[in-house]
1. Per the Cauchy relation, a quarter of the hull surface: what is the mean projected area of the convex hull of the alpha carbons in the chain, in nm²?
2. If neighbour count is taken as other Cβ atoms inside 10 Å, put Ile131, Ile67, Ile32, Ile12 in order from fewest to most.
3. In whole Hz and in residue order, list the ³J(HN,Hα) couplings for segment 134-145 that follow from phi through the Karplus curve 6.51 cos²θ - 1.76 cosθ + 1.60, θ = phi - 60°; x for Gly and Pro.
4. For segment 96-168 and segment 1-49, compute the distance between their C-alpha centroids and round to whole Å.
5. Name the residue farthest towards the positive end of the dipole of the chain from the options Leu145, Val69, Ala43, assuming +1 on Cβ of Lys and Arg, -1 on Cβ of Asp and Glu, about the Cα centre.
6. Does segment 89-148 come out rounded, prolate or oblate, given a ≥ b ≥ c as the square roots of the eigenvalues of its C-alpha gyration tensor, rounded meaning a/c under 1.5 and, failing that, prolate meaning a/b above b/c?
7. Pop a pseudo-label 7 angstrom from the Cα along the beta-carbon direction at both Ala44 and Asn25 and give the gap in nm to one decimal.
8. Quick one: compute the contact order of the chain, relative version, from alpha carbon pairs under 8 angstrom and 6+ residues apart, as a percent.
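Every number in this text was worked out from the coordinates using simple rules, so none of it is lab data. The structure displayed is predicted, hence computed values, not measured ones. Using ideal geometry, Cβ is built from the backbone for each residue, glycine included, and neighbour counts are taken over all protein chains shown.
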Amino acid sequence: MGQRLGIAAALIGDPAVVMLDEPVNGLDPDGIRWIRNLLKDLAAQGRTVFVSSHLMSEMAQTAEHLIVVGRGRLLADVPLAEFTRRASQATVRVRSPQAAALRELLVGAGVTVTSGEPGLLEVTGLSSAQIGDRAAAAHLTLHELSTAETSLEEAFMSMTRDTVEYSGSATKASP
């Protein structure tokens, strides 16, 4: 209730610019959805809405444009889609009962093919359309052909890796 009241108080003056820090903290799922829709509505009205948040999954559903600051430096000022695209390796997941033959067909200059399990290939350096076209030309069966997208969290962690003061990565236990 406190979050909603604080936001309501901030909107009383009908501001053109709204700045919120962690607006969904402590809210239930319905409250989170309410805040998300409110922020989108405010932006649709032509207002500028700044939201500071550590909840990357929530920002991925809410934000259209990101500004990322690390150690006082502007790291990014781009649309959300461009931010994640920049961090993406454009990996295509391909599942085929003829994975070995498909691997031989795909491997080449600038193309990397890895396999984490039988019948599954992860390909970088070719688009899903290029892979599908090559498989079709060779009469190879595909059961899955999908582009693995980088999440906002993965993109953010990649971009800010060198700018964080404290890292959340696992550390070795002392003997």
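1. Computing the convex hull of the Cα atoms and averaging its projections yields 16.0 nm².
2. Exposure proxy ranking, most exposed first: Ile12, Ile67, Ile32, Ile131.
3. My calculation for segment 134-145 gives 5, 5, 4, 4, 9, 6, 9, 7, 10, 9, 8, 8 Hz in order.
4. 39 Å
5. In the chain, that residue is Leu145.
6. It is rounded, given that a/c, with a ≥ b ≥ c, falls under 1.5.
7. 2.9 nm
8. Working: 211 pairs, mean separation 33.2, N = 175.
Relative CO of the chain lands at 19 percent.
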